[in-house]
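Take a look at this one; I'll ask things after.
A short reminder: the numbers here are calculations on the coordinates, not readings from a lab. Quick caveat: nothing in here was measured; it's all calculated off a predicted structure. Virtual Cβ from ideal backbone geometry, glycine too; neighbours counted across all protein chains shown.
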Amino acid sequence: MTVMIMVVMVGFSGRLIGHFGPKTNLTIGLLLMGAALLLFANLPPDGSFWVNVLPASLLAAEESRPVAVIPAPRRLPPDVRFVSGMISHHAQALEMTTLVGARTNRREIRLLAERIDVSQKDEIAIMRRWLQSKGAEIPDPDAHLHAAMGHGELMPGMLTAEELDQLAKANGTAFDRLFLQSMIRHHEGALRMVADLFSASGAHDPQLFSFASDVDVDQRAEIKRMQTIQRNIQ
């Protein structure tokens, strides 16, 4: 509002001093500038001066001008974010294990896939119950598919839709190698998620920390098992 009034005064002074000689114009300009500075320096901070001197319609228009409000992004608590993300992470691992039966003849890879299938289904059930106990939203069962296609957050180590398609098209030894490579990366991503949870502030649920510690131990053991199978194939 103050800026608006200053602009009006500058315009008025420009018209006024245009009718006199240079010296008179300079004097008038300096006087007007000094008067404006003195006026604004002594205005009350609450804006009450303008209420008395400006038309009500102008003040109303100024007050009714819309103000853009940008909503703050919704952030989940660290523990809820971890569990929600790990459910999707595990769901993709289960999708990967369903490819094993028709694409490999190696007994050790079949046994590995069965072990992952059983353990991660149990863990998904545990995590869903934990979210329910906290009144938190349970992820869509197909959330990992949407994330793989770029329509959601892809958790660390998870495969894209193109990588899943490449795995599905492989067979025999080529499948074995790609499956182990992809699943090791997948497990390493889970370890990063556990590490992020442990380092996050505000995540102190004892039950969840016990669960996450078990996930960490199991994933590390399975990574070592897969690395051994990798060496045997090579």
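How many nm separate the modelled label positions at ALA161 and ARG192, each set 7 Å beyond the Cα in the direction of the Cβ?
2.2
As an exercise, use a Förster radius of 25 Å and the Cβ-Cβ distance of VAL217 and ALA125 to find the FRET efficiency, rounded to the nearest 0.05.
Numbers: r = 19 Å, r/R0 = 0.76.
Efficiency for this residue pair is about 0.85.
Separate question: Once the Cβ-Cβ distance between ARG185 and SER210 is put in as r, and R0 is 30 Å, what FRET efficiency do you end up with, to the nearest 0.05?
Numbers: r = 26 Å, r/R0 = 0.86.
The computed FRET efficiency comes out at 0.70.
Extension gain LYS169-LYS224, at 0.36 nm per residue separation less the Cα-Cα distance, in nm?
17.2 nm
Would you please state which residues of the range 170-196 a label at GLU108 would reach in this model, taking the label point 7 Å out along Cα→Cβ and a backbone N cut-off of under 18 Å?
Those under the cut-off are 172-185.
Remind me, what semi-axes does the range 102-143 give for its equivalent ellipsoid, largest first in whole Å, using sqrt of 5 times each Cα gyration tensor eigenvalue? The partial results should precede the final answer.
On the way: eigenvalues 187, 26, 3 Å².
Working through the eigenvalues yields semi-axes of 31, 11, 4 Å.
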